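The values are calculated or read from the model by the stated rules, or taken from the named source; none is laboratory data. Predicted model only: the values in this text are computed from it and were never measured. Cβ: placed from backbone, ideal geometry, glycine included. Neighbour counts: every protein chain shown. Heavy atoms of the whole protein, side chains included, go into the accessibility calculation; ligands, DNA and RNA do not. Shrake-Rupley method; radii C 1.70, N 1.55, O 1.52, S 1.80 Å.
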Amino acid sequence: MASKKNVETRKKQGGEPVFIVKSALKRGGLDYLHIALIALVLILVALAVSLATFRSYEVCGYGINATGSCIVPAHNSSQALSAAENVLAGYSTLNSSLALLPYYTYVNESEVSYLPKTNEWLVVFPYLDPLTNSESNFSMLLYGNNLSLLQSSIQTIPPLNVTGNRVTAFGAISMKDKVLCASKPPIPIYSIIDPYAPGSISALQAAINASDKYGSRVNMSYKFIFTGNAVEKYPKYGVRRTQQLGYYLFCASQQPTFPSFVKYLGDVFDGNPPSNSTMATLLSDANMNQTQFATCLGSAGQALQYQAVLANYYNVTQTPQFIVDCKYLALPETLNPAINYTLSSINSSTSK
């Protein structure tokens, strides 16, 4: 009691304050100050552990493997890029349009990434499509151990719109809202060609070959239209002279010696309108009936107008193009598979 009174007396007399630290527990033990210090120490330890863990991931640029050590690839990004460039150069030896790929690739803008989960290198090259003049990506996956090619892929250009057509078989596109013209052979085939389009002569030869191959099972007809390929000739040669080739081809196709005419034309055709003397020579060499041919030329203009309407009905804007049995689109290179598919579909439907 005396000590208590002494404390109170000192307070009243303005003496120094006295701090009394009480136990946090009723029966003694740690006081509040020590508990606070212990909590602070625990927080600091936890923070240190977190920082140590963060630093370990930061040092291991590609992560940590199952044993807890850093993933270290066998090669670096520069070596992966060099290997990809070697593979890219090899495409120049291919006998296809891919041979142009090395010459239209922006190797200086490449992106190289390591994929630690699969131990592979991904190299992406931007390239310029020489046909569309648009940029896409060419990608390579390389094995991480020896940097050999695992897989390559080219980013395709998405279609501007969905037409409603669908691919039904190899070489054949089924056109929306178009129906078959024939339910049994012979099936009609329209070869729609701009005489000045690339591959026009070879397309005519493909049509002639298909006629020979399938005989009475097909009825081949030749339609000649003038698209942008012909329009490019107008300023230099004029509309009349440019279109004259289409007139001659149409009338020649009405005679049985048309295959000979196409053969002789292919020998001299350089992509420009032939002269009148050249056309006369071709007609003579092909043993064309001159009287019948002259009569045909008188009405050829109207006939070609009808053919242009037909091409517009099938939305043909680029040639050569084939319409098989009024339903299927085909290219000269896929004409035979499209004919086979159409004939087999007709046979299967009639046998049911």
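Listed values, structure above:
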{"item": "Subset of segment 63-80 [among the hydrophobic types (A, V, I, L, M, F, W, C), open to solvent by less than 50 Å² (accessible area, probe 1.4 Å) and farther than 18 Å from GLU109 by Cβ]", "result": "ILE71"}
{"item": "Within segment 164-196, tally of residues that are open to solvent by 90 Å² or more (accessible area, probe 1.4 Å) and part of a loop (DSSP other than H, G, I, E, B)", "result": "5"}
{"item": "Residue within segment 137-145 that is more than 28 Å from the chain's Cα centre (by Cα) and in the same structural domain as GLU109 (by the TED database) present", "result": "yes"}
{"item": "Of all residues in segment 197-219 being outside any helix (DSSP H, G or I) and open to solvent by 20 Å² or more (accessible area, probe 1.4 Å), the one that is farthest from ASN336 (Cα to Cα)", "result": "PRO198"}
{"item": "Where a residue in segment 264-289 is loosely packed, with under 14 Cβ neighbours inside 10 Å and its partner, wherever it lies, is assigned to a loop (DSSP other than H, G, I, E, B), with Cβ under 7 Å and at least six apart", "result": "VAL268/PRO274; GLY271/TYR196; ASN272/LYS233; ASN287/THR257"}
{"item": "In segment 246-281, the residues that are over 42 Å from the mean Cα position of the chain (by Cα) and within 19 Å of LYS233 (Cβ to Cβ)", "result": "ASN276, SER277, THR278"}
{"item": "From ALA89, ALA83, residue being surrounded by fewer than 16 Cβ atoms within 10 Å (Cβ to Cβ), of a type in the set (Gly, Ala, Ser) and in contact (Cβ under 8 Å) with a residue 12 or more places away in the chain", "result": "ALA89"}
{"item": "Checking LEU245 against (1) open to solvent by 50 Å² or more (accessible area, probe 1.4 Å); (2) part of a helix (DSSP H, G or I), the condition it does not meet", "result": "(1)"}
{"item": "Subset of segment 199-227 (residues that are under 16 Å from ALA330 (Cα atoms) and free of Cβ contacts under 8 Å to residues at least 40 places away in the same chain)", "result": "ASN209, SER211, ASN219, MET220, SER221, TYR222"}
{"item": "Selection within segment 173-228 - among the small types (Gly, Ala, Ser) and out of contact with any strand residue (DSSP E or B) (no Cβ under 7 Å at 6 or more places or on another chain)", "result": "SER183, ALA197, GLY199, SER202, ALA206, GLY215, SER216, GLY228"}
{"item": "Given (1) surrounded by fewer than 17 Cβ atoms within 10 Å (Cβ to Cβ); (2) more than 20 Å from the chain's Cα centre (by Cα); (3) of a type in the set (A, V, I, L, M, F, W, C); (4) not in a loop (DSSP other than H, G, I, E, B), index of the condition ALA99 fails", "result": "(2)"}
{"item": "Number of the exception - LEU122 against (1) open to solvent by 40 Å² or more (accessible area, probe 1.4 Å); (2) modelled with pLDDT under 95", "result": "(2)"}
{"item": "Residues that are open to solvent by less than 20 Å² (accessible area, probe 1.4 Å) and under 24 Å from LYS184 (Cα atoms), drawn from segment 312-327", "result": "TYR314, PHE322, ILE323, VAL324, ASP325, CYS326"}
